[in-house]
Each structure stands twice: as C-alpha cells, then as structure tokens.
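**Q** After the structure tokens below, expect a handful of questions from me.
The values are calculated or read from the model by the stated rules, or taken from the named source; none is laboratory data. The structure displayed is predicted, hence computed values, not measured ones. Backbone-built Cβ (ideal geometry, glycine too); neighbour counts: all protein chains shown.
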C-alpha cells in the first residue's frame, strides 16, 4: 500500500510536469465541445430543391407551393430541363429534384392516375432519403385540400430535432474512452520502451500497485475533462442533462476499468509504443463506427449488430445520451449497466491473465 | 547461512534455446563477485532469474536466504538492482527519484528526507538535489542509479554492466563506491565488459554458452591458466582453447 | 535510367531499406495498417447506414374502431414499422419511449371513428423519439405519407391519383456507398502518412538514434526522405486496396478518369507526409505526436472534411476552418472525379489548395528540422 502511495505521487508529478498532457485536459474537451458539435450536423431541414415544372398548370404550381410551405424545402431553382437540373445537383447547387411531367394537371382533373419524379442527389444518401420521404408524404396527400385524418407530430426528448444534443453526449464518451483507455496503455508501453519498468520490477512493489498508480491519474484526467465538457456544453449550447448528472459519472466510472483493461492487454502484448498505438487505434475506430455514434446500430444488418453487441462504447453512448436527452435514470439503463459491468469483468480478467503469463 | 547466493543446476530455457545451463555457484556474503562472459553468454538472463524478474525453467536458486522461484517478493525486498540501461525517471528530480524508490521499499516517510540528504552529502552532490535526472551528465546518472539501488540497505546488489559508456575517471570513482558498499557488508554481484575491472573482484566466474567455464579468484585463475591478466584468461576460455576449469560437481 | 551509384545514393538506399525492415518487423502494426481499409470499407459498405430500420411502434388506441384499425394496419404492414406494444394509458406511452422500448407512438384521439364519421375529420398524433433527429425525421416522414394515403382511401375509397417515383441520382441503389469511399481513402491515407510518419520520426528522436543518423554523412533531408519512402509505398498499397475493394466488392464505379483519381490521391499522400514531418518537428515524444496527429488531425478530418457530416451544413466559422484541412479538399475532389465523373479542370481549386498546404507544411517542417540540426 505504501508503494502505491509513492508510485501515485510519481505519476502525478510526471503528468503535471509533462509539457503537453495537462493542457490536453483542457484543450481536448474544448476542441471537442466547441468545434465538433457544429460540424457534426446532419441537419435534415433546409433541403435545397429544384423543381422542373414541365406542366406549368395551376395544379402543378399548387404542388410546388405546397412543397415550399412544408418547412423542409427551399425551392432554390426552376430549371427548364431535367438534365440541366442534374448538372445543378452535380455542381452541389441543390440536393434534390422534383420533376413534374407535362399534362399532369390535365390528368389529375380528368381523375386519371399521374406520376411525378423525385430525384434526390445520391452522394449524400441521408439527405436523399429524407427528401424522398418528405416529398412522398406531401404528394400522397395531394391534391386533397383538407385531409380527413389530421396528423400532428410531437418530437419527444429533442423537440427542435437538433443534432447538437444528440452529438454532444457522444463526444463526451469519446473523450472518456481516449483519456481512460488510450493514455494509461501508452504510458505503460512507454516505461517498457525506456526501461524504467525494469527497475520497478525488481522492487517488492506489485504489478497491481504499478498499474493502479497509472490508472488513477488518467481516470481523474478523464473525469475532469468530462466535467469540463459538461460545463462547456451548458455554457455554449445550453445543453444540460435531463436526468441526473451523477448517472453520467457513474457510467463513466463503470466504463473506465473496462476500457483500461483492454488498454492493459494491448500494452502488455506490445513491445513498442507505435505498435500499442496502432492496435489501440484499430479498436477505437471499430468501437466508434459500431457504437451508434453517428449512424444507428439498429439499422445495421444482423451480423453487424451481433458484433456491435460486444461493443462497450455502444452501451456507454446509449446510456449518456439517455441521461442527457430522455432523462433516463439507472433503473431505465439496467441493460447498459449490466453490459458495461460484464465488459469490465472480462477485460480485467484478460489483463490479469496476460500479466501472469508474461512473468 | 554463509552464502548470499546459492544456485543448484539453475537452468533457463527459451523454447529450445538454453540460455542458462545448469548453473551451480555459491556467492559468499560480503564479497564482490564478478560475473563475466561474452555478449549472449547468458549473463543477463542468469541475473534476471536471480533477481526474480524471470522464473527458472529448472534448478534452484537461493538468494538472500529465499528461494527466488517460490518467494520472489521476499527476495526482491532484500536485493538491489541496477540495470544495464539507465532506468531512473528522467523527468523526475534527483530527490524525487530517491524518494520514490525509498518509499517503495518501505522507508518511513519521516526518514526519507533525512536519509536522502545524507546520501547526497556522501556523494558530494547536494547541489544536484533539485536537478532533473535527464539533465545530469552520464557519470552522475550512474552513481545516482547505484545509490538508489542500495538506498534500502539490501543484502545483495546486482549490477548489470554498471560502467558501460562512462569515462575512466568516473569508472574509478564508481569502483570506489562499490568497495565502500562491500565494506558495509553488502554483497556485490557485478557483470562487466571491462576486464581490468574484473581484477578488482574477490572472485570471478566466466560464463561461456550458458555454462560456467571458470570460477575462482582473479589471481588463482591467472596462475592456473598461466596468463598475465583476467582478460587473457577470458579470451582463452571464450575461444574454447582451454578445457573447463570448473565443472558442475 | 541507370545512374552511377554515388555514395549519397547508396546511403539513401541503405536508409530506406532500414525503414522498410523496421516496418516489416512489426507484423502487428502492419496488419492494422493493411487491415484497417478493408475493415472500414466492409463496415461502411455493408453495415453502416443512416437510413432508418423498422421503427418500433407503441399504439395507444382509447376507442378502437374500423377506420382506426385501417390506419394502423396500413402503417404496420409497411416495411417501415412494426408493433412493439399496445399501451393502455398516455403514461405507459411515455414510459415506453423513455426506456427506449419504442421509437414511435401512434396515439389516436378518443372516439376517432365516431368523429371521422360525424365530422369527416379526426386526429391522430405521432410521438417520435427525436433523440436521433435523422431517424426521427425519417420515421415521421414515412408515417405521415402512409397515414395520408390511408386517409385518402378512407375518404373516397379510391387509390391516390398522384404517385411519386423516386430515383436517386448518381446512386441508384440508394446506398451510402458512394459517399464514404473518398472519405475512407482520406482517413486511411492520413493515418498512414501523417500519424505513422510523425510517430516514427519522433521515436528516433526519443531513442537518440536520430542523433546517430544526423552525425552520419547523410544530409538531413535524405534521412527524412528515406523515412517517407516506405510510408509512401504503404499508402499506395492502401489506396489500391481501397479502389479495388470499392470497384470490385461495393460495385462503386469510377465515373471520372482513373488517372485523375490516382493523381489527386498521390498529391494528397504527399501533403499528408508533409503533415507528418511537420508534427514530428513540433512533438517532443511519441505520446504527443500521437495525440497531436490522432486528436488534432484525425478527429477534425473525420468531422470537418465531409467524411460523415456534409460540409454545407456547417456554421460559417467551421466551414472556414475546414478549408484549412487538406482532407476536405481531397475528399471533395475525389467525390467530384470518382462519383460525379467531373473532368479534372473542375477540381483545379481543390488541387491548388492541396498543393499550397503541402508546400507550406513541407517548407515549415524542413526549416524546423534544419534549425534543430544547426
């Protein structure tokens, strides 16, 4: 126990004396919170639409007006031909085309079935799909002036359908993962590479004390950065957790041992920092892509969902988003809690095994 | 118990490669024991086993009264070690490095300061107290590493090529430190490349291909092989010109 | 082509071989570097999509009737919705949404059928979990379209006279595939060139081996160039992997000139390498090199370059910042050439931006490196 005290003291001195790392605790959350949420925006309104009206009847212009008044589209252009509209999409001037064929109005007045064409730009598939969905909804109700069934939509948990409240909690999760998982692992490989670990190994100080002393400052740094980013989210975006902020820390605290355990396994099996870095990086990229960070896990095919079920980051993202947006409490997050606990147990056991083998 | 280190057929294999082959030696308490051998002869591996850093494949080693395989922690508490590579923390100050290791070995906090001041005084290095270790000249680094290795008054100190890469004057000073340490009753187990240093040892062993080819006092060794220096003896044995003078049993 | 082997050339060869050996010795890192593009292409191509899956619907129907059933059936028989629960009260609806057991609640007003028969008009409310705004928009879009169609049926019984036919431009499969290939290429090339190079140079600095190289007769630029050759080679292998996978496995054709794609990519590789050199001159140890390239370079590359999030959605300040990121220009140029089939002269702006950043960073990096030497 006394060895742990002195090791911990050493880690804090090294951390604080490092020319870059202490600044990282401030800079990293600041970059994440101030720059990224603005960029991480898949905003689905303001779709720029070109209408190719080859009919030019009162009904066709009514359709265009109806589309414009839906609130989702900006009618930015009325090109004469479909091919010039396609060029506009290619040049990035607008996102989708509504093509109204000749004699549409006449057919509708006769009561015949008629067809319009929707051509969203495919390069941004998300916007394309959305544009098609909205346009279909408007067209399905056209030209009945007052629909028999009035649909009102209530958006729960994120009434203004903004991306920031969705992305900010996920970014916090990334922060915790990198500081709590990446940093201690790299640091341990660094001691290996420099040879300082050798001197410690001949002392009676146990491996456990050594590792714990490495983890504590990193976790502390992670939690400080987390607290700082919660503050920044409030100050800059007015985003506050709908639930108990304590729950966020509880989940972060549960996640930290698990991800650190993974980092320890990697660091133990790596001989150079470069190797540890790239192996960790591989996991980080995989975890992020499979976490629902920016694309929903539930939309993935079965095999991918199966892989994602073993992704601890997915559960943490779900939990923190749940607390932030839906105000979930621990009772609502039992599944996530169990998954993260299981992950912690497994990686810590794996880390212990890999250390036993190495001695 | 008279011996600081006793090994019986100590063997360490990595796969099919035998790094240490049935090593049987006895190192007496308080002596300076030179552990010689060419690069790759198995010196460092043997030393790592004796320090409890690596487990023996077979055989036994009793270090400071304890079996290294069975009770490595008891051994570790009673030994000091200075590795080939400088391994103090460059980003910590001199006193901080001393404090760290003193603390790890369980020196009471209240005594750490007083004792480290005494140590720095003894080294005549009081002005270096607050310097970062990475800024020290190599000679001071080596002396500091040695002092840290014996700060907790171990029974035995293992030195793995302690004077590699330092100038002759510093080497000489370093050996004075070693003598002073041995004078306090601490057993010194040292490997070196410098054969002139081997002459300073009470006894030397020469390791060839994982086995001990000779073990004796430098003088007796030279007499038996009829050579002028330990260096000549070493060259003779390492080339395999002489039949082994020391065999197991 | 054969030159007399000058001592400098021989030295250069020796240095380059040393770097290659170093990379090939570390099998695990090599595996990560070569495997990463494959994994990303497979994930982006077959797993990751922003399209909504079937939404789980919780139904609240205080007074069930025939018309109500008809609307519900239309909705649930579509590919977009499935029933997860029938709630008995508004608080049960709320609970299901909050616990994440349902994505959408379909709430009929009391006496829906009666009102529809009496007033010719009745109301239904969609309560959508908008945690993920993109999904929420798709859920409500689909649901509104289906309910609107059902309403027309209820009113007149005739199928809706106006139908819409959708065909995505440049991307008939409506897959996200076309969007991400340039992004993955940018990400991987940045990783190999910038991160790997900077870490490996700093590593030599840290171990002191750089000083040994510097006292050798080799010129400083030669040491750096020798470091770059293997990563350049590795990048080319990665680029080939990405292009072959996207054409062969994803079926994403190269619409524009393949030569243009390769030329722009090579330019980007050079730019990324100069970023690597620059970072290595700034960073003191490997951890810093990694943090700088990982968090200050990679993260913004992912987020600001248009890889996932469209650049046009960004606020002006960020849009302006993203102009400083070479990957943004690379990805934009690749999208234009590879997917939209634009001729090379349309991407002059992007190419100039890349070349300028690359030249600036290279000069800065070499200057800093030389300062260290003298």
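**Q** Spot the failing condition for residue A:55; the list is (1) surrounded by fewer than 19 Cβ atoms within 10 Å (Cβ to Cβ); (2) modelled with pLDDT of 85 or more; (3) more than 30 Å from residue A:170 (Cβ to Cβ), and only one is missed.
**A** Just one mismatch for residue A:55, condition (1).
**Q** Can you name the condition, by its number, that residue A:17 falls short on among (1) modelled with pLDDT of 85 or more; (2) assigned by TED's automatic domain parsing to the domain that holds residue A:231; (3) buried (at least 16 other Cβ atoms within 10 Å of the Cβ)?
**A** With (1) modelled with pLDDT of 85 or more; (2) assigned by TED's automatic domain parsing to the domain that holds residue A:231; (3) buried (at least 16 other Cβ atoms within 10 Å of the Cβ) applied to residue A:17, the lone miss is (3).
**Q** Can you tell me which residue is farthest from residue B:142 (Cα to Cα) among those in segment B:65-87 that are touching a strand residue (DSSP E or B) at 6+ places or on another chain (Cβ under 6 Å) and not in a helix (DSSP H, G or I)?
**A** Top of the filtered list is B:68.
**Q** Among the residues of segment A:343-352, is any modelled with pLDDT of 90 or more, in the same structural domain as residue A:252 (by TED's automatic domain parsing) and under 21 Å from residue C:56 (Cβ atoms)?
**A** no
**Q** Another question, if that's okay. Within segment C:338-361, take every residue that is crowded, with 17+ Cβ neighbours inside 10 Å and modelled with pLDDT of 85 or more and give me the one that is nearest to residue C:282 (Cα to Cα).
**A** It comes out as C:361.
**Q** Which residues, counting only those in segment A:95-131, are at pLDDT 80 or above, touching a helix residue (DSSP H, G or I) at 6+ places or on another chain (Cβ under 7 Å) and assigned to a loop (DSSP other than H, G, I, E, B)?
**A** The answer is A:95, and nothing else.
**Q** Could you list, in sequence order, the residues of segment A:189-213 that are surrounded by 23 or more Cβ atoms within 10 Å (Cβ to Cβ) and either more than 10 Å from chain B (Cβ to nearest Cβ) or modelled with pLDDT under 85 (or both)?
**A** Result: A:189, A:205.
**Q** Could you list all residues from segment B:185-198 that are at pLDDT 90 or above and over 17 Å from residue B:41 (Cα atoms)?
**A** Once the filter is applied, which keeps residues that are at pLDDT 90 or above and over 17 Å from residue B:41 (Cα atoms), segment B:185-198 yields B:185, B:186, B:187, B:188.
**Q** Counting only residues that are over 39 Å from the mean Cα position of the chain (by Cα) and surrounded by 15 or more Cβ atoms within 10 Å (Cβ to Cβ), how many does segment C:63-105 have?
**A** Of the residues in segment C:63-105, 5 are over 39 Å from the mean Cα position of the chain (by Cα) and surrounded by 15 or more Cβ atoms within 10 Å (Cβ to Cβ).
**Q** Something else now. Picking from C:115, C:123, which residue would you name as being facing chain A (nearest Cβ under 7 Å) and surrounded by fewer than 20 Cβ atoms within 10 Å (Cβ to Cβ)? I'd like the intermediate steps shown before the answer.
**A** Working: C:115 fails: facing chain A (nearest Cβ under 7 Å).
None of the other options fit; the residue is C:123.
**Q** Taking residue C:46 as meeting all but one of (1) assigned to a helix (DSSP H, G or I); (2) within 10 Å of another protein chain (Cβ to nearest Cβ); (3) in contact with a strand residue (DSSP E or B) (Cβ under 7 Å, 6 or more places away or on another chain), write down the number of the exception.
**A** Failing condition for residue C:46: (3).
**Q** If you don't mind, another one. Tell me, yes or no, whether segment A:159-177 has at least one residue that is under 30 Å from residue C:68 (Cβ atoms), at pLDDT below 85 and in contact with a helix residue (DSSP H, G or I) (Cβ under 6 Å, 6 or more places away or on another chain).
**A** Yes, segment A:159-177 contains a residue that is under 30 Å from residue C:68 (Cβ atoms), at pLDDT below 85 and in contact with a helix residue (DSSP H, G or I) (Cβ under 6 Å, 6 or more places away or on another chain).
**Q** Residue A:65 - would you say it is at pLDDT 85 or above and part of a loop (DSSP other than H, G, I, E, B)?
**A** no
**Q** Here are some residues: C:73, C:79. Which one is more than 9 Å from every other protein chain (Cβ to nearest Cβ), out of contact with any strand residue (DSSP E or B) (no Cβ under 8 Å at 6 or more places or on another chain), at pLDDT 90 or above and under 23 Å from residue A:139 (Cβ atoms)?
**A** C:73
**Q** Further, regarding this structure: Could you give every pair whose Cβ atoms fall below 7 Å, whose first residue belongs to segment B:80-99 and is facing chain A (nearest Cβ under 7 Å) and touching a residue at least 24 places away in the same chain (Cβ under 8 Å), and whose second residue is buried (at least 21 other Cβ atoms within 10 Å of the Cβ) and part of a loop (DSSP other than H, G, I, E, B), counting only separations of at least 6 or pairs across chains?
**A** B:81/A:202; B:81/B:51
**Q** OK, next. Go over the candidates C:250, C:273, C:239 one by one and state the one that is part of a helix (DSSP H, G or I) and surrounded by fewer than 22 Cβ atoms within 10 Å (Cβ to Cβ).
**A** Every option except C:239 fails the conditions.
**Q** Looking at segment A:327-344 only, could you name the residues that are within 19 Å of residue C:131 (Cβ to Cβ) and surrounded by 20 or more Cβ atoms within 10 Å (Cβ to Cβ)?
**A** A:328, A:332, A:333, A:336, A:339
**Q** Which count do you get for residues in segment A:250-274 that are free of Cβ contacts under 8 Å to residues at least 40 places away in the same chain and surrounded by 20 or more Cβ atoms within 10 Å (Cβ to Cβ)?
**A** Residues meeting the conditions: 1.
**Q** Among the helices (runs of 4 or more DSSP H) contained in segment B:88-200, which hold 1 or more residues that are within 15 Å of the chain's Cα centre (by Cα)?
**A** In segment B:88-200, B:138-150, B:168-183, B:195-198 are the helices (runs of 4 or more DSSP H) which contain 1 or more residues that are within 15 Å of the chain's Cα centre (by Cα).
**Q** Report, by residue number, each residue of segment A:277-317 that is at the interface with chain C (Cβ under 8 Å from one of its Cβ atoms), closer than 30 Å to residue C:199 by Cα and surrounded by 19 or more Cβ atoms within 10 Å (Cβ to Cβ).
**A** A:277, A:278, A:279, A:281, A:282, A:285, A:289, A:290, A:294
**Q** Does segment C:28-61 hold any residues that are within 23 Å of residue A:156 (Cα to Cα) and modelled with pLDDT of 85 or more, and which are they?
**A** Within segment C:28-61, C:54, C:55, C:56, C:57, C:58, C:59, C:60, C:61 qualify.
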